[in-house]
Amino acid sequence: MARSCGIRIGPRRFELAVLDGSPKRHKISAYHVGEFSPEDAAAFAEGDVAGVAATLKEAAKSHRIPFENISVVVATDHAAFRRLTVPFTDRQKIDQVLKFEIESELPHLDIDGVVVDYHVMSENDAGAELLVSAAPKDDLQRVIAACEKAGIEPLEIELEASAMVNAAFAADMCQIDDAQLLVHVGEHSTCVAVVAGAEIREFRVIHLGAMSHLAKELEMGDDVDLDADPVEDDGALDPIEMERRVEQAIKRIRRELGRTISAARTPQTIEAIYVCGMEMPGLIGSEVLGVPIYVLDCFDEDSGQPADGFGQLVAAYGSAFRQLGGGVMKPSLRREELRYTGTWERLEFPVAFAVLLLAAFLLLFYIAQGAQLQRLRKGALYQLRSANLHAVGDPSKPRQAALMSPVPEELGKRAAKYRNIKTMAELDSLNDPVQELREVVALMDKEVLEVSKAVGDTQEFPLPPSAFSAMTLVLGKLGSNKAWRPSLRGLQASYEKRNNKGRQEHIRIHLDATFFAKDTVEATRHINEFARSLREEQWCLEVETPQTTPLKTDDGLSFKKFVVRVDPKLFHESSNKTQ
């Protein structure tokens, strides 16, 4: 049974959910909601991940999460969402140009300091419409560092928005004939997804959350800067001031939700708002512009979720559901250098196992090849000794005559080195027997060539073309057609040298013959076919057709001096290529 784990890590708290089963049928086998201490949260914001890592490690150990299939959700505090249209649909091209195209849409961010991801909203022949998300690399790297220190290596990282959408679609809450807002309330930010006709239309971030009442900016009332980062208050707030700030935060979130509804351009009317994440008093069960607000309940009955407060687990559940293979969005924030962080750790065992198998195979191969090489060396040594004994003889056995007399001095010295070898270890200081055999053969070939030169038996000067071969080629063509009835009356072949006009050396064939047929027309056609068949051959250089004389009986034609110039070497070259 497949298992997966989704972990949402925020600036002040975290949630995890473990799923067992498949995308169609699964159950929550473990869940946990925890908070970081104020000291650990402050240190985490500054880049010190030790305290957060210790808390995550303890939670992962106590709930026995599947370490091999983990996805992490990060808060949308500093994320940005934009819509972008590109004139193509190829994913590889989109990856190549995405940062260049979206840079002008993110003037407040350094494009080299963010990781950019996208979701294809629609595509056609004219191009693709993308929903692009950008998250700071520093935020992602801080979360990755905390996970790695806790012994948790996430296979993927995504934002709260995509995890929430996957959870809602898993529960079939988004139908083709309605529209809704999906809202996730975090500590310091709230992400909103506009869904219409079972398609994602828009993402946006409201920079207020369930813990924003602790921020000093809210003391300014309605003039709060929504794009400013929350700043923790150093002192404790009295209950009255705390309640005022909470009401102020809820009021601003409701106002931003109303703006989202008013600005949404959807074919269907937005009929409901589904909220998940941290609870805010008075938000669930109320209305915004007449649109009711419900809790985002994406869990089946008796699926293992808690009875109360299950909205906090939606993001973690959506991320775990995606790891099982479900979900309509497949975000990938581990792009560029972050995408490959920890790759070696994930591949370490399979790579090590493959290397071990390869090493074992190479060892066995080395042993087998070593044994085969030893047998080859022994056989080559035997052949070498036999060749030396036959060629140069053995001084200890004078009765056995040597093939070579007198024996070349160099061959004699080489043979003496291998004559008295008793162990294979003695070969280490000499040439390998196989190589020695090659060198001995080369030396003997050299001696044979010297003797051949001495007696004049060499092929250094090429022989002229063969007249017999040329006549055979022409006569073979003459008898190749059964419809022809030739009568050969004269045949002569002569060799002609290369001349100054560029004609190469060749054989000149002179034919005198008669072609019998039912009439002179047919005989003429046969003679022309014979001449044409000769010209089609590569070895035929030229054909000179003479005048013909009809027979008195009008049943054929005779001719004299039918000349064919042939180069037999061209025939032999083409035959060698064919073979």
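Descriptive notes on the structure:
- Near pairs, Cβ below 6 angstrom, 6+ apart or cross-chain, from the stretch 551-576 (closer than 15 Å to Leu541 by Cβ) to any residue that is aromatic (Phe, Trp, Tyr): Val566/Trp539; Asp567/Trp539; Leu570/Trp539; Phe571/Trp539
- Ile94 being touching a Lys or Arg at 6+ places or on another chain (Cβ under 7 Å), farther than 30 Å from Val18 by Cα and either not in a loop (DSSP other than H, G, I, E, B) or not assigned by TED's automatic domain parsing to the domain that holds Ala210 (or both): no
- Checked against the criterion of being acidic (Asp, Glu) and out of contact with any strand residue (DSSP E or B) (no Cβ under 6 Å at 6 or more places or on another chain), the candidates Glu496, Glu436 yield just one match: Glu436.
- Residue match in the stretch 189-206 (condition: within 29 Å of Phe88 (Cα to Cα), polar (S, T, N, Q) and either assigned by TED's automatic domain parsing to the domain that holds Ile253 or not in a strand (DSSP E or B) (or both)): no
- Being surrounded by fewer than 22 Cβ atoms within 10 Å (Cβ to Cβ), among the small types (Gly, Ala, Ser) and closer than 16 Å to Met211 by Cβ holds for only one residue in Ser37, Ser62, and it is Ser37.
- Residues of the stretch 14-30 that are more than 18 Å from Gly186 (Cβ to Cβ) and not aliphatic (A, V, I, L, M): Asp20, Gly21, Ser22, Pro23, Lys24, Arg25, His26, Lys27, Ser29.
- Residue match in the stretch 51-62 (condition: part of a loop (DSSP other than H, G, I, E, B), under 18 Å from Gly151 (Cα atoms) and free of Cβ contacts under 8 Å to residues at least 60 places away in the same chain): no
- The test for being aromatic (Phe, Trp, Tyr) and either at pLDDT below 90 or in contact with a helix residue (DSSP H, G or I) (Cβ under 8 Å, 6 or more places away or on another chain) (or both) does not hold for Phe169.
- The residues on offer are Leu333, Leu338, Leu313, Leu347, and the sole one that is part of a helix (DSSP H, G or I), modelled with pLDDT under 90 and surrounded by 12 or more Cβ atoms within 10 Å (Cβ to Cβ) is Leu338.
- Picking from residues in the stretch 158-185 that are in contact (Cβ under 8 Å) with a residue 24 or more places away in the chain and over 18 Å from Leu313 (Cβ atoms), the one that is surrounded by the fewest Cβ atoms within 10 Å (Cβ to Cβ) is Asp177.
- Meets criteria (assigned to a helix (DSSP H, G or I), more than 24 Å from the chain's Cα centre (by Cα), in contact (Cβ under 8 Å) with a residue 24 or more places away in the chain and under 25 Å from Cys191 (Cβ atoms)) for Val72: no
- Some residue of the stretch 443-450 being modelled with pLDDT of 80 or more, under 30 Å from Glu542 (Cα atoms) and among the acidic types (Asp, Glu): no
- Tallying residues that are under 26 Å from Ile28 (Cβ atoms) and in a loop (DSSP other than H, G, I, E, B) within the stretch 279-310 yields 19.
- A search for C-beta distances below 8 Å between a residue of the stretch 466-493 that is exposed (fewer than 13 other Cβ atoms within 10 Å of the Cβ) and any residue that is of a type in the set (Lys, Arg), counting only pairs 6+ apart in sequence or on different chains, returns Gly490/Lys560.
- Here the strands (runs of 3 or more DSSP E) wholly within the stretch 475-579 that include at least 1 residues being modelled with pLDDT of 90 or more and within 22 Å of Pro464 (Cα to Cα) are 486-496, 506-516, 540-544, 556-566.
The values are calculated or read from the model by the stated rules, or taken from the named source; none is laboratory data. Because the structure is predicted, anything quoted here is derived from the model rather than measured. Here Cβ is always computed from backbone atoms with ideal geometry, including for glycine, and neighbour counts include all displayed protein chains.
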